[in-house]
Amino acid sequence: MEDRTIPSTTSEAQRYASADVRSDGSNATQADATSQALPITEDTSLVSLEAISGHPGVPMVQAEEVHKRFGNTEVLRGVSMTVQRGEKIVIIGPSGSGKTTFLRCINHLEKIQSGRIYVDGQLVGYREEKGKIIEDSERNIARMRAQIGMVFQRFNLFPHLTALENVIEAPTRVLRVPKAQAIARARELLHKVGLAEKANNYPNALSGGQQQRVAIARALAMNPKLMLFDEATSALDPELVGEVLKVMRQLAEEGMTMIVVTHEMGFAREVADRVIFMDQGCILEEGRPNDIFNNPSHERTQSFLSLIL
Amino acid sequence: MDFFQHIWNFFAPFFTQIWDFLVYIFTLHGNFDWRIAGKYLFNPYILQGVWLTLRLAILAQATGTLIGLFLALFKDPRFVITAAPPFDRIFKGLLLPLRLFADFYIWLFRGTPLLVQLIIIFNVLPFFYITLDPFTTAFLGLSLNEGAYMAEIIRAGISSVDSGQMEAAKSLGMTYGQAMRRIVLPQAFRVIIPPLGNEFNSMMKNTSLASVIALLELFGTAEQFAASQFAELELYFVACVWYLALTTIWGQVQKWLERAFSASKQVKMMQPPWWQRMTGIRSRPAVAA
């Protein structure tokens with residue numbers, strides 16, 4: 001376990017480290033212990049082990065010289081990155097740096113103009129046919145996306161379904177899991193994220209932090225090998241950020257491979273194995289959190305961090 | 001004299017003239033024979049016409065909505081048929097032709113009058129050795145026309161759904177078709193209901209055009225009786241009463257539908273009684289002594 005440096009601001013420390021913040025922002029008391037997420041035991045976890053084992057030895061994500069344009073603007077200029085199984089990567093950078101776009105390219109929500117992205121050894125979004133690279137069929141892309149979970153900045157919960165129905169929707173429709181089994185797993189996941197009693201609520205009756213936790217449970221219901229977090233806490237009130245970061249930390253401790261785009265530097269310091277700094281479509285710097293936050297070598301990193309921290 | 005007295009003095013001659021005119025019209029002294037109107041109001045043929053109108057309107061609206069749904073999807077650039085290779089590339093090549101077809105169809109059927117469309121279908125099909133009875137011809141013409149208008153309505157409904165919904169569905173591994181059917185269209189439906197209600201209202205009235213192709217719906221039947229009885233005014237009045245009945249009832253159904261699909265599915269609010277809702281009169285609390 002690496003040395004944990006003291007978080008730079010006390011409010012950050014309180015937010016992500018405390019188990020005391022309830023979903024409505026008030027402080028928890030002893031009596032609330034049963035309604036919080038249970039400590040991790042062997043039999044119940046957010047992460048299913050067979051999903052994350054995959055092909056040992058092959059990196060979970062391998063991006064090679066990825067280029068992407070939106071019209072005439074080049075957003076990604078030769079991004080290359082390797083993510084090993086179980087690694088937690090945090091990508092930081094100013095807005096417009098392409099970090100969200102790169103994340104979306106990993107599960108082919110955005111198409112790339114050149115370069116390759118491999119997830120668990122599989123080429124993403126394209127296939128080789130007679131020596132040519134052509135776009136893959138929608139069915140194959142959907143199948144690949146089912147193994148990658150994504151959590152969005154704006155939650156994107158389905159408003160016409162309850163929390164429970166949101167979580168069972170994908171497993172029943174895509175994986176064809178029998179409904180009873182899906183409901184049982186969904187209740188388990190909602191309990192793990194601390195929302196067991198909100199299972200029958202519609203999203204408009206939930207707070208932002210609760211919605212985001214349901215969104216995380218929904219992504220986990222598909223037993224993904226890899227989780228992508230696109231600024232998952234940026235749209236939340238400061239008081240609600242802590243509960244979501246707690247779930248993300250729990251996921252990290254259970255061994256999920258995570259790529260997180262965030263502005264929460266405290267979380268990055270605490271959880272990340274590697275921090276990557278992007279600016280204007282390029283990776284400028286990457287390294288261990290201590291190295292990046294304490295001794296940034298690139299001057300752009302320095303100026304960015306001086307504004308944030 | 002006060003202000004209102006002045007007004008009354010000025011307009012009184014007109015008021016009495018109008019009143020005399022109305023009395024003349026609406027009693028047996030005038031050109032309107034109320035007894036005929038009353039006699040035909042519940043005439044079995046008229047009632048059959050009403051029933052036919054309703055059936056035709058419902059069928060044509062349903063089919064038109066279906067056609068409109070497909071046209072809206074054809075125009076969506078994300079419309080992709082899920083298939084395994086090599087069929088996926090074949091279907092991808094269809095995207096542009098489908099979109100052009102949809103544009104052409106909508107332009108054609110919105111650009112020509114419904115009456116003209118019905119007459120053309122009625123007169124042209126026999127040349128292709130297709131003979132259809134008037135009901136089917138009317139159904140065909142009304143559906144095709146309605147499809148063009150519903151396409152735009154449904155497209156607006158679909159685009160009102162946040163794009164994040166489709167992205168979330170896709171990121172969970174759903175195909176475009178699954179995401180549309182389970183996530184996007186149910187939410188689009190909520191937005192589509194008010195204009196759809198409007199369209200059905202128009203549809204019920206547009207069925208009257210089928211009378212020119214010899215369909216005995218409500219207006220056609222009324223016309224027949226009007227001709228045989230030499231009582232146009234009375235019979236058209238009867239037809240209007242029935243059209244009003246249909247559209248008024250539909251108005252209430254539409255209101256109920258909008259409420260049933262309303263966005264907030266919270267606890268049902270306690271509502272004031274119907275007579276209070278209609279008149280807005282609320283009982284005042286007793287004045288404290």
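Computed quantities for the displayed model
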{"read-out": "Among the candidates B:63, B:53, residue that is part of a helix (DSSP H, G or I), among the polar types (S, T, N, Q) and either within 14 Å of another protein chain (Cβ to nearest Cβ) or over 30 Å from residue B:237 (Cα atoms) (or both)", "value": "B:63"}
{"read-out": "Looking only at segment A:169-191, and only at residues there that are touching a residue at least 60 places away in the same chain (Cβ under 8 Å) and open to solvent by 30 Å² or more (accessible area, probe 1.4 Å), the one that is farthest from the other protein chains (Cβ to nearest Cβ)", "value": "A:191"}
{"read-out": "Only listed residue being modelled with pLDDT under 85, away from chain A (no Cβ under 14 Å) and loosely packed, with under 13 Cβ neighbours inside 10 Å, chosen from B:266, B:252, B:271", "value": "B:271"}
{"read-out": "Listing of strands (runs of 3 or more DSSP E) fully contained in segment A:62-143 that carry 3 or more residues being open to solvent by 10 Å² or more (accessible area, probe 1.4 Å)", "value": "A:73-83, A:114-119, A:126-129, A:132-135"}
{"read-out": "Enumeration of residues in segment B:113-123 that are open to solvent by 60 Å² or more (accessible area, probe 1.4 Å) and out of contact with any Ser or Thr (no Cβ under 8 Å at 6 or more places or on another chain)", "value": "B:113, B:115, B:116, B:119, B:120, B:123"}
{"read-out": "Positions within segment A:119-142 being of a type in the set (D, E, K, R) and at the interface with another protein chain (Cβ under 7 Å from one of its Cβ atoms), in sequence order", "value": "A:138, A:139"}
{"read-out": "Criterion: surrounded by 23 or more Cβ atoms within 10 Å (Cβ to Cβ) and modelled with pLDDT of 90 or more - qualifying residue of A:242, A:255", "value": "A:242"}
{"read-out": "Scope segment B:135-148; condition open to solvent by 40 Å² or more (accessible area, probe 1.4 Å) and either within 13 Å of residue B:117 (Cβ to Cβ) or in contact (Cβ under 8 Å) with a residue 24 or more places away in the chain (or both); matching residues", "value": "B:135, B:139, B:140, B:144"}
{"read-out": "Residue among A:166, A:156 that is assigned to a loop (DSSP other than H, G, I, E, B), open to solvent by less than 60 Å² (accessible area, probe 1.4 Å) and either in contact (Cβ under 8 Å) with a residue 24 or more places away in the chain or facing chain B (nearest Cβ under 10 Å) (or both)", "value": "A:156"}
{"read-out": "Segment A:144-153 - residue that is in contact (Cβ under 8 Å) with a residue 60 or more places away in the chain and not in a loop (DSSP other than H, G, I, E, B) and, of those, nearest to the other protein chains (Cβ to nearest Cβ)", "value": "A:150"}
{"read-out": "Cross-chain or 6+ apart pairs with Cβ under 7 Å, segment A:282-303 first and closer than 22 Å to residue A:74 by Cα, then of a type in the set (S, T, N, Q)", "value": "A:284/A:301; A:285/A:297; A:285/A:301"}
{"read-out": "Those residues of segment B:203-220 which are more than 17 Å from residue B:245 (Cα to Cα) and not aliphatic (A, V, I, L, M), in sequence order", "value": "B:211, B:220"}
{"read-out": "Residue B:123 being more than 13 Å from chain A (Cβ to nearest Cβ), over 19 Å from residue B:261 (Cα atoms), polar (S, T, N, Q) and touching a residue at least 12 places away in the same chain (Cβ under 8 Å)", "value": "no"}
{"read-out": "Among residues of segment A:234-277, those that are over 25 Å from residue A:96 (Cβ atoms), among the polar types (S, T, N, Q) and not in a helix (DSSP H, G or I), counted", "value": "1"}
{"read-out": "Some residue of segment A:235-245 being over 13 Å from the mean Cα position of the chain (by Cα) and more than 23 Å from residue A:197 (Cα to Cα)", "value": "yes"}
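Table: residues versus (1) open to solvent by 10 Å² or more (accessible area, probe 1.4 Å); (2) touching a Leu at 6+ places or on another chain (Cβ under 6 Å).
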position: A:202; (1), (2): yes, no
position: A:205; (1), (2): yes, no
position: A:211; (1), (2): yes, yes
position: A:220; (1), (2): no, yes
position: A:224; (1), (2): no, no
position: A:229; (1), (2): no, no
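The values are calculated or read from the model by the stated rules, or taken from the named source; none is laboratory data. These numbers come from a predicted model, not from an experiment. Glycine also receives a Cβ, built like all others from the backbone with ideal geometry; neighbour counts cover every protein chain displayed. Please note that ligands, DNA and RNA were not included when accessible areas were found on the heavy atoms of the full protein model with its side chains. Shrake-Rupley method; radii C 1.70, N 1.55, O 1.52, S 1.80 Å.
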